[in-house]
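These notes are about the structure you will find just below.
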Amino acid sequence: MQSFPNGSLNICKNHSGYQYYHRIDANHLRGNYIPNGNKELACSLAQKDYDQKVLRAVEQELKSIRRFLKGYPKVKVEKVYETLHPERQKMVIPVVEIDEQFVARWEAEEYQGKPFYDGMPELFTAKGERVRSKSEIIIADTLAKAGIPYRYEYPIEINESGVKAGWQITKDYHPDFTVLNLHSRKEMYWEHFGMMDDPEYMERTLKKLHIYEQNGIFIGRNLIATFESRQSPINSQKVMTLINEYLK
């Protein structure tokens, strides 16, 4: 606020539009006329008036927040279970599952992924899970290292439709990973597209992303997508950047 000029802005309407006045003396209600060539002064005074109102609003919000926090309980409902003795925890059902219980139940769900056929390379993550590419090993191992729960090739129902032909079918898609944001307890899908320098592969990728969008699955909202080509391979640093952005 110290960088702004003294005084305030007074805006008066006339027959041709508006005129601006610089009010410095409280006894001079209208103030000094600001010519059109000095519009910068008028804008600076307008910004000052706005910022003052924002500061007053912020101060009121902070007072309300402080009053609220002062009376906020030290132990929240979802944390009561954690205050119990471990032996007592075994005897009760918590109102809200703690993270460890939620993740254990989420990871324990059984499902049928896509099959591996004879002749496919045998590639395994650090946890011993079989995957289809070295890039998927990087993603899986980075997710595990970051403590992000995930399922590999978990099936989801997707509607495929042809507008001109007038048909629609439901198919099982298997995103490379279904990942869990533990803070929000919301699932996201992670697809890796690894041959983006192949025109046919790129066309299939665009078609798949379009079908996802038709089913309410959008990059940045509930879909994380990674891409690579021969000249731009994926690495754990890129994966970690996306983990920090969407899953932490």
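The criterion of at least 2 residues that are among the hydrophobic types (A, V, I, L, M, F, W, C) is met by the following strands (runs of 3 or more DSSP E) wholly inside the range 133-248: 156-162, 167-173, 177-181, 186-193, 223-227.
Within the range 183-205, identify whether any single residue is under 19 Å from Arg151 (Cβ atoms), under 13 Å from the mean Cα position of the chain (by Cα), modelled with pLDDT of 95 or more and among the aliphatic types (A, V, I, L, M), and answer yes or no. So far as the range 183-205 goes, yes, one or more of its residues are under 19 Å from Arg151 (Cβ atoms), under 13 Å from the mean Cα position of the chain (by Cα), modelled with pLDDT of 95 or more and among the aliphatic types (A, V, I, L, M). Do you know which residues across the range 101-155 are touching a Lys or Arg at 6+ places or on another chain (Cβ under 6 Å) and within 14 Å of Thr178 (Cβ to Cβ)? Result: Glu153, single match. Taking the conditions (1) buried (at least 17 other Cβ atoms within 10 Å of the Cβ); (2) of a type outside the set (Val, Ile, Thr); (3) in contact (Cβ under 8 Å) with a residue 40 or more places away in the chain in turn, His183 satisfies each one other than (1).
If Phe218 satisfies every condition in (1) modelled with pLDDT of 95 or more; (2) in contact with a helix residue (DSSP H, G or I) (Cβ under 7 Å, 6 or more places away or on another chain) but one, which is the exception? (2) is the only condition that Phe218 fails. Taking the criterion of being farther than 22 Å from Lys114 by Cα and in contact (Cβ under 8 Å) with a residue 40 or more places away in the chain, would at least one residue in the range 191-203 satisfy it? So far as the range 191-203 goes, no, none of its residues is farther than 22 Å from Lys114 by Cα and in contact (Cβ under 8 Å) with a residue 40 or more places away in the chain.
The values are calculated or read from the model by the stated rules, or taken from the named source; none is laboratory data. As the structure is a computational prediction, the values presented were derived from the model and not from experiment. Positions of Cβ are generated from backbone atoms using ideal geometry, with glycine treated the same way; all protein chains shown enter the neighbour counts.
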